[in-house]
Amino acid sequence: TGKYSMILDGFHNDKLMMVAGAMISLTNILKMPLIVLPFRNTVNLILFGKQELGLAISAVETLLLLLLIYILAKVVGDLALGLELSGPTVGVFVCFILPGMLCFKSDKEKWKRFLPMHSYDADHYSRTQITALVVAMLGVLMGLASIA
């Protein structure tokens, strides 16, 4: 990281840069629900099988997520380092792991729908499901390699 990890810190007492900083802050405040809500719903769907678990649980999940973000921001303290950590990990999840999970689940549902119940084996894995698992596992390995 350089001398100024936040580029706007390099401009001292400049009114235009203060306005730019206020606009960046406003943008971050307004985009937060667009990031938190789909993330929370996706995690709930993956872990519990449904997107919404009730208002009280959703509020607790959101507060825990915001607390985690705050703690990470305080610990990391540098925007460049934060981007170095979040970019590869989130990118790998979005590009490899999540599509692999979705493909695995959708192919499993397809098999359940088309095969008679007595001939469908729960332990049966199609080529598509195996490929999806391989892609997801490669994503996990790449994610671990990116943080190491």
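The values are calculated or read from the model by the stated rules, or taken from the named source; none is laboratory data. All figures in this text were calculated on a predicted structure; none of them were measured in a lab. FYI the Cβ positions are ideal-geometry reconstructions off the backbone, even for glycines, and counts take in every protein chain you see. Keep in mind that these areas ignore ligands, DNA and RNA; they rest on the heavy atoms of the full protein, side chains included. Shrake-Rupley method; radii C 1.70, N 1.55, O 1.52, S 1.80 Å.
Give segment 28-85 a look and list any residue that's among the hydrophobic types (A, V, I, L, M, F, W, C) and in contact (Cβ under 8 Å) with a residue 60 or more places away in the chain, or say none.
Scanning segment 28-85 gives 79, 80, 81, 85.
Of the residues in segment 18-34, how many are open to solvent by less than 90 Å² (accessible area, probe 1.4 Å) and among the hydrophobic types (A, V, I, L, M, F, W, C)?
6
So if I check each of 52, 61, 84, which one is surrounded by 12 or more Cβ atoms within 10 Å (Cβ to Cβ) and touching a helix residue (DSSP H, G or I) at 6+ places or on another chain (Cβ under 6 Å)?
61
Can you list the helices (runs of 4 or more DSSP H) found entirely within segment 39-114 that contain at least 1 residues being more than 24 Å from residue 142 (Cβ to Cβ) and modelled with pLDDT of 85 or more?
Answer list for segment 39-114: 55-76.
Which of the residues that make up segment 28-66 are among the aliphatic types (A, V, I, L, M) and over 17 Å from the mean Cα position of the chain (by Cα)?
29, 30, 53, 55, 56, 57, 59, 60
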